[in-house]
Amino acid sequence: MWTTFDRYLFSRYAYVLAVFFFATMGLYTVVDGFSELDHFQKLTGSTFDVLVRMIIYYVNQGFLIFDLVGPSLSVMSVMVVLALLLKNNEFYPMLAGGVPTYRVASPLIL
């Protein structure tokens, strides 16, 4: 059973992971989109059709990108969440209140 503290840490982790993934996916989309734009334009005629085809293509590529960089983004997200706990002075009051260190890391490991 997760406590409020566990849900708080997991929500911060999920937020940081989503931000990292969308930043990575946005960078990939811009770089690959410029190089593959001619290919998309040859397949369809109107601008709307090109955009629809690009959206479908990059949504499907998003699953591949997440499969490739997901573990790295996950580890970086855990490190960022722990760094944010230290930066915002939330870590030391928890330790002073009797919360053991493994209890802080357990929601992030799961």
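The values are calculated or read from the model by the stated rules, or taken from the named source; none is laboratory data. For clarity, every value in this text was computed on a predicted model and none was experimentally measured. Methodologically, a virtual Cβ is constructed for each residue, glycine included, from the backbone with ideal geometry; neighbour enumeration extends over all protein chains shown. Protein only, heavy atoms only, side chains kept; ligands, DNA and RNA dropped before computing areas. Shrake-Rupley method; radii C 1.70, N 1.55, O 1.52, S 1.80 Å.
The condition of being free of Cβ contacts under 8 Å to residues at least 40 places away in the same chain and within 30 Å of residue 13 (Cβ to Cβ) holds for residue 29.
Just one of the numbered conditions (1) over 23 Å from residue 16 (Cβ atoms); (2) exposed (fewer than 10 other Cβ atoms within 10 Å of the Cβ) is not true of residue 89: (1). The one condition from (1) more than 20 Å from residue 13 (Cα to Cα); (2) in contact with a Phe, Trp or Tyr (Cβ under 9 Å, 6 or more places away or on another chain) that residue 94 does not meet is (1). Check the range 20-34 and report whether any residue there is over 30 Å from residue 104 (Cβ atoms) and not in a helix (DSSP H, G or I). No, every residue in the range 20-34 fails to be over 30 Å from residue 104 (Cβ atoms) and not in a helix (DSSP H, G or I). The residue that is least open to solvent (accessible area, probe 1.4 Å), among those in the range 1-54 that are within 30 Å of residue 94 (Cα to Cα) and among the aliphatic types (A, V, I, L, M), is 9. Checking 108, 82, 73 one by one, the residue that is open to solvent by 40 Å² or more (accessible area, probe 1.4 Å), among the aliphatic types (A, V, I, L, M) and either farther than 14 Å from residue 24 by Cβ or not in a loop (DSSP other than H, G, I, E, B) (or both) is 82 and no other.
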